[in-house]
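Structure, as structure tokens:
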Ligand code: PMV
């Protein structure tokens with residue numbers, strides 16, 4: 001039977017960068033994220049005995065070979081769990097540019113995990129759906145539960161999964177995504193994760209994280225916007241310090257990214273209290289209080305290097321539609 005699922009991308013306040021187990025995609029550290037209402041993937045999967053091979057359509061085109069292989073490996077995992085050997089048709093589309101550091105693999109594998117497991121006849125709990133999505137792409141496990149999400153690192157396949165810290169309606173804040181470049185990045189996050197141990201700063205990051213995680217959870221529990229914002233921005237810079245000092249170095253920022261980071265810091269000093277965070281790409285996610293969104297959008301529209309602006313609020317996780 002065909003099932004269709006919708007899953008949000010998520011933005012990490014505490015980043016996942018580095019794996020302790022490559023094939024299971026177990027992370028070196030616990031991470032925390034918010035699901036984004038405005039940035040999502042919709043995926044249908046139909047395991048159908050009439051098919052003679054797997055068919056994968058991404059954004060209305062036959063998937064590039066590398067993506068196709070990764071999706072077929074994931075379907076194999078689902079077939080193995082469901083004890084079936086039927087082929088599947090997968091049709092998936094994003095409402096945002098993929099491969100640009102906007103968590104397309106997170107929303108993509110979360111939607112795929114839900115639609116594929118249902119179509120294969122599995123009825124997975126949120127925990128096991130999150131584990132399945134994680135094996136597709138680490139951060140995808142955080143797009144399964146609702147709202148504000150924690151992915152406990154865990155040390156084994158069954159102990160590394162995401163759960164909701166607070167539901168999506170817990171705190172009505174905005175995350176404004178400024179797209180400044182839609183080109184696919186040259187080094188994927190999967191490749192980037194493998195370089196963490198080449199950074200002389202990585203050990204220091206692992207030592208600093210536990211307190212930072214505790215502090216941000218506390219700030220979230222108090223809905224302390226300034227604390228959440230400043231801890232999020234500091235954490236983004238900490239992760240990028242690892243990327244910048246890896247061998248070879250990963251410089252995901254473009255000049256326009258840096259210009260926007262400086263603008264955000266300047267706007268803040270003028271009273272527009274916003275904070276940036278950036279994943280493995282040039283695009284910038286900006287935390288903003290709802291009352292300031294129109295002002296922020298006006299400012300972003302005045303910058304010629306901002307190509308598109310997407311406004312999100314915290315969103316539920318993956319759902320069937
Ligand atoms: O799930 P992956 O392999 O795309 O890794 C995501 C890594 C970051 O987006 C940079 C950080 C994060 O926690 O989302």
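No lab work stands behind these numbers, since they all come straight from the coordinates. Note that this is a predicted model, so its numbers are computed, not measured. Every residue, glycine as well, gets a Cβ built from its backbone with ideal geometry; the counts of neighbours run over all protein chains shown.
Observations on the structure shown:
- Additional length obtainable on full extension of the chain from residue 61 to residue 48, 0.36 nm per residue less Cα span: 2.6 nm
- Inter-probe distance in nm under a simple model that places probes 7 Å from Cα toward Cβ, at residue 259 and residue 247: 3.5
- Packing-based order for 37-44, 227-234, using average beta carbon neighbours within 10 Å, highest first: 37-44, 227-234
- Looking at region 43-152, the DSSP beta bridges with both ends there are about 65 percent antiparallel.
- Shown is the FRET efficiency for residue 307 and residue 69, computed with R0 = 35 Å from the Cβ-Cβ distance and rounded to the nearest 0.05: 0.70.
- Normalising the Debye intensity of region 86-227 to I(0), with uniform scatterers on Cα atoms only, and taking log10 at q = 0.15, 0.17 Å⁻¹ returns -1.00, -1.26.
- Cβ-to-Cβ counts within 10 Å put 141, 236 in ascending order as 236, 141, the fewest first.
- Span from the region 1-41 Cα centroid across to the region 216-238 one, whole angstrom: 19
- Region 46-123 and region 139-207 have Cα centres separated by 21 Å.
- Here the chain carries DSSP beta bridges of which approximately 90% are antiparallel, counting only pairs with both residues inside.
- Taking the alpha carbon gyration tensor of region 275-316, multiplying each eigenvalue by 5 and rooting it gives semi-axes of 16, 16, 9 Å, largest first.
- Sequence ranges 300-309, 216-225, ranked by mean other-Cβ count within 10 angstrom, highest first: 216-225, 300-309
- Shape index of the chain: Rg/Rh, with Rg the Cα radius of gyration and Rh the Kirkwood radius from the inverse mean 1/r over Cα pairs, equals 0.96.
- Using C-alpha pairs below 8 Å separated by at least 6 residues, the relative contact order for region 1-137 is 33 percent.
- Theoretical ellipticity at 222 nm over the chain - DSSP helices of four or more residues, -39500 (n - 2.57) apiece, nearest 500: -11500 deg cm²/dmol
- The angle between the Cα long axis of helix 126-136 and the longest principal axis of the Cα atoms of the chain comes to about 90 degrees, rounded to the nearest 10.
- Taking the chain and dividing mean pair separation by its residue count, relative contact order in percent (alpha carbons under 8 Å, at least six apart): 26
- Between residue 95 and residue 158, the distance separating the two model label sites (each 7 Å from Cα on the Cα→Cβ line) works out to 3.8 nm.
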